[in-house]
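Take a look at the structure below.
Each value in this text was obtained by applying a stated rule to the coordinates, not by laboratory testing. Because the structure is a prediction, the values reported are computed rather than measured. Backbone-built Cβ (ideal geometry, glycine too); neighbour counts: all protein chains shown.
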Amino acid sequence: MKEITVEQLKARIDAGEKINLIDVREPFENAEFNIGGKLFPLGNIQRMEVEEIEDLRSEEVIVYCRSGKRSFTACLLLQQMGFTNTSNLTGGVLEWQAKIK
């Protein structure tokens with residue numbers, strides 16, 4: 001698994017890159033603040049219910065959560081399920097809110 005910083009992600013978004021962002025937080029967290037990712041809670045991944053994101057198996061997927069811990073776990077699980085290019089957003093939404101204006 002790779003890691004990506006909030007600054008690197010912001011630069012890629014600003015450059016107009018096609019990015020597959022997965023938010024593994026809970027729906028209430030996503031409703032409070034979202035950086036544009038598809039909501040897909042960690043529990044779904046833990047239950048191996050990944051049909052909804054199956055088409056991303058061979059594409060780059062950047063995973064984020066509140067602080068980077070749940071997304072780290074999600075990346076590991078996704079890799080075990082055959083997702084070949086996962087990246088964890090270090091520091092998560094907290095880091096994004098602190099550094100990206």
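Only one of the listed residues (Ile22, Ile4) is β-branched (Val, Ile, Thr), within 12 Å of Gly92 (Cα to Cα), surrounded by 14 or more Cβ atoms within 10 Å (Cβ to Cβ) and in contact (Cβ under 8 Å) with a residue 60 or more places away in the chain. That residue is Ile4. Just so you know, in region 31-60 the residues that are among the polar types (S, T, N, Q) and farther than 21 Å from Lys101 by Cβ include one that is surrounded by the fewest Cβ atoms within 10 Å (Cβ to Cβ), and it is Ser58.
Yes or no: region 48-64 includes at least one residue that is in a helix (DSSP H, G or I), among the aromatic types (Phe, Trp, Tyr) and under 26 Å from Ala11 (Cβ atoms).
Applying the first criterion (in a helix (DSSP H, G or I)) to region 48-64 yields 51-56.
From what is left, the residues that are among the aromatic types (Phe, Trp, Tyr) are none.
Scanning region 48-64, I find no residue that is in a helix (DSSP H, G or I), among the aromatic types (Phe, Trp, Tyr) and under 26 Å from Ala11 (Cβ atoms), so the answer is no.
Looking only at residues in region 72-93 that are among the aliphatic types (A, V, I, L, M) and within 10 Å of Val6 (Cα to Cα), which one is surrounded by the fewest Cβ atoms within 10 Å (Cβ to Cβ)? Can you show your working first?
Taking region 72-93 and keeping what is among the aliphatic types (A, V, I, L, M), we get 74, 76-78, 81, 89, 93.
Filter once more, so that each one left must be within 10 Å of Val6 (Cα to Cα): 89, 93.
Values: Leu89: 28, Val93: 24.
Result: Val93.
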